[in-house]
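K.L.:
Quick one: this structure, given as structure tokens, is what I'll be asking you about.
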Amino acid sequence: MAGAVPAARNLLHHPALREQLAGSDFLQAFNRDGDVVPGARYTVVATRYDEMVVPCRSQFLLGPGVDNVLLQDVCPLDTSEHWAPALADPVTFHLVTQRARPGSCHADHLRDGW
């Protein structure tokens with residue numbers, strides 16, 4: 001365990017990892033014109049248990065046409081972490097389906113187990 005901290009510091013020598021740090025020059029340039037394109041609709045589904053993006057709400061976009069959803073606000077018992085929402089989480093599936101095809105999914109489906 002004693003070698004874990006120096007090993008983690010060595011990871012920061014990789015340019016792609018440094019670019020992902022909050023406040024990096026890359027992220028500041030990337031976000032200079034804002035998060036969204038006018039006229040487009042966005043849905044961001046984040047999870048409180050994300051172990052890779054911390055704090056989890058830093059995934060949310062700012063601007064018009066944005067619907068930021070914290071998974072646990074919809075289903076408090078959902079313990080999905082970083083990868084599960086995209087790969088296998090039924091609540092996320094229904095949230096995305098509902099927004100892609102309005103009227104195709106309703107909150108009752110989530111409560112009733114679909």
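The values are calculated or read from the model by the stated rules, or taken from the named source; none is laboratory data. A quick note: this is a predicted structure, and the numbers were derived from the prediction, not measured. Counting neighbours? That spans all protein chains shown, and the Cβs are built from the backbone with ideal geometry, glycine included.
K.L.:
Since Pro55 meets every condition but one in (1) more than 21 Å from Arg101 (Cα to Cα); (2) touching a residue at least 12 places away in the same chain (Cβ under 8 Å), which condition does it not meet?
P.N.:
Just one mismatch for Pro55, condition (2).
K.L.:
Every residue in the stretch 16-35 that is among the hydrophobic types (A, V, I, L, M, F, W, C) and either closer than 20 Å to Val91 by Cα or at pLDDT 90 or above (or both), please. If you could, list the steps in order and put the result at the bottom.
P.N.:
First, the residues of the stretch 16-35 that are among the hydrophobic types (A, V, I, L, M, F, W, C): 16-17, 21-22, 26-27, 29-30.
Those that are among the hydrophobic types (A, V, I, L, M, F, W, C) and either closer than 20 Å to Val91 by Cα or at pLDDT 90 or above (or both): Phe26, Ala29.
K.L.:
May I pose another question? Quick one: how many residues across the stretch 60-89 are surrounded by 15 or more Cβ atoms within 10 Å (Cβ to Cβ), in a helix (DSSP H, G or I) and modelled with pLDDT of 90 or more?
P.N.:
The number of residues fulfilling the criteria is 3.
K.L.:
Would you be able to tell me the number of residues in the stretch 55-80 that are acidic (Asp, Glu) and within 22 Å of Gly39 (Cα to Cα)? Talk me through it step by step, then tell me what you get.
P.N.:
Step one: filter the stretch 55-80 for residues acidic (Asp, Glu), giving 67, 73, 78.
Subset that is within 22 Å of Gly39 (Cα to Cα): 67.
So the count comes out to 1.
K.L.:
Could you say which residue among Arg57, Arg48 is in a helix (DSSP H, G or I) and more than 26 Å from His13 (Cβ to Cβ)?
P.N.:
Working: Arg48 fails: in a helix (DSSP H, G or I).
After applying the criteria, what remains is Arg57.
K.L.:
Quick check on my filter: what residues within the stretch 40-59 are surrounded by 13 or more Cβ atoms within 10 Å (Cβ to Cβ), out of contact with any helix residue (DSSP H, G or I) (no Cβ under 9 Å at 6 or more places or on another chain) and charged (D, E, K, R)?
P.N.:
Listed by number, the list holds a single entry, Arg57.
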